[in-house]
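A.B. asks: Please see the structure below; I have some questions.
The values are calculated or read from the model by the stated rules, or taken from the named source; none is laboratory data. In this text, all values refer to a predicted model and were calculated from it rather than measured experimentally. Cβ atoms come from the backbone with ideal geometry, glycine included; neighbour counts cover every protein chain shown.
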Amino acid sequence: MSEYQYYEFIAIDEPLTPKQMAELRACSSRANITPASFVNDYQWGDLKGDPVDWMRRYFDAHVYVANGCTCILFLRLPKSAFNAGILRDFKTETTLSFKQTKTH
């Protein structure tokens, strides 16, 4: 039985470069890739990339929806946009998690 999966990634702070778009194209021949986004759905396969890595390298927002009632939202925000100490009080494994980098 196949599973429907929808992936959408959005670049807000900076558009994707032609090189980055080519890197993403190597992961999917059917995706709609623009300087601001990557959008694809799968019914007989899966994304050939790591969404967490893509968020670190290319994008600022990501939505994933699957027909098994799975919905995921990733946001890449500047560290200055929120207080990580306050967010830790709301952190759970299934509803809210976050990873910090030097800038985000």
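A.B. asks: Quick one: which of PHE98, PHE90 is in contact with a helix residue (DSSP H, G or I) (Cβ under 7 Å, 6 or more places away or on another chain) and at pLDDT below 90? Lay out the reasoning, then the answer.
C.D. replies: On the way: PHE90 fails: in contact with a helix residue (DSSP H, G or I) (Cβ under 7 Å, 6 or more places away or on another chain).
Exactly one residue qualifies, and that residue is PHE98.
A.B. asks: Then there's this: Scan region 1-45 for residues that are in contact with a strand residue (DSSP E or B) (Cβ under 7 Å, 6 or more places away or on another chain), of a type in the set (S, T, N, Q) and farther than 14 Å from ASP60 by Cα and report the count.
C.D. replies: The number of residues fulfilling the criteria is 4.
A.B. asks: Looking at (1) farther than 26 Å from TYR4 by Cβ; (2) within 18 Å of the chain's Cα centre (by Cα); (3) not hydroxyl-bearing (Ser, Thr, Tyr), which is the only condition ARG88 fails?
C.D. replies: Only one criterion in (1) farther than 26 Å from TYR4 by Cβ; (2) within 18 Å of the chain's Cα centre (by Cα); (3) not hydroxyl-bearing (Ser, Thr, Tyr) is unmet by ARG88, namely (2).
A.B. asks: Which of the residues belonging to region 12-57 are in contact (Cβ under 8 Å) with a residue 40 or more places away in the chain and closer than 21 Å to SER97 by Cα?
C.D. replies: Scanning region 12-57 gives PRO51, VAL52, TRP54, MET55, ARG56.
A.B. asks: Another question, if that's okay. Give me a count of the residues in region 8-32 that are hydroxyl-bearing (Ser, Thr, Tyr) and more than 22 Å from HIS104 (Cα to Cα).
C.D. replies: Filtering region 8-32 for residues hydroxyl-bearing (Ser, Thr, Tyr) gives 17, 28-29.
Applying the additional criterion that residues be more than 22 Å from HIS104 (Cα to Cα) yields 28-29.
Number of matching residues: 2.
A.B. asks: Right, another one. Inside region 7-104, counting only strands (runs of 3 or more DSSP E) that do not spill past its ends, which hold 3 or more residues that are surrounded by 15 or more Cβ atoms within 10 Å (Cβ to Cβ)?
C.D. replies: 37-42, 61-66
A.B. asks: Looking only at region 58-75, count every residue that is within 12 Å of the chain's Cα centre (by Cα) and touching a residue at least 40 places away in the same chain (Cβ under 8 Å) and tell me the total.
C.D. replies: Residues that pass the stated criteria total 8.
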